[in-house]
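A short reminder: the numbers here are calculations on the coordinates, not readings from a lab. Source: prediction; values computed, not measured. Reconstructed Cβ throughout: ideal geometry from the backbone, glycine too, with neighbour counts over all protein chains shown.
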Amino acid sequence: MKISGKQLALLGLAIAALLYAGDYLALRYRMLKQQNPFGAVTVYRYYAIQKKANKVEYVFDGTENQTCVHSLFPHVGDRPCWYVQRHTEKKIEI
């Protein structure tokens, strides 16, 4: 039996949809059981200010706790904690 490219793409899409739905249901279950599916990661915020002659001045602005969700995908408006822990710097370009 030969699988065409279109069938393979549909199969991949179906697997991704099932994985996302399962991740969301697991999150909702943890929320229902009040098992605290959310976390917080300290993020360092700084400004990158463009100066003359292509120079950039960096100004540290402090830290903030960013709420994240313990899941594989982003849900309920929050990014997953595994992603936020790897991106702890928030650069604001001016």
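For the chain, what is the relative contact order in percent, using Cα pairs closer than 8 Å and at least 6 residues apart in sequence? Intermediate values should be presented prior to the final figure.
On the way: 125 pairs, mean separation 25.8, N = 94.
Contact order relative to length: 27 percent.
Report the paramagnetic label zone for A26: residues of the range 49-90 whose backbone N is under 19 Å from a point 7 Å from Cα along the Cα-to-Cβ axis.
68-86
May I ask for the Kirkwood hydrodynamic radius of the chain, worked out over all distinct Cα pairs and given in angstroms to one decimal? Present the calculation step by step, with values, prior to reporting the outcome.
Details: mean 1/r = 0.0608 Å⁻¹.
Hydrodynamic radius (Kirkwood, Cα pairs) of the chain is 16.5 Å.
For K55, go through the lysines and keep the ones whose alpha-carbon is under 25 Å away, minus same-chain ones fewer than eight residues off.
K90, K91
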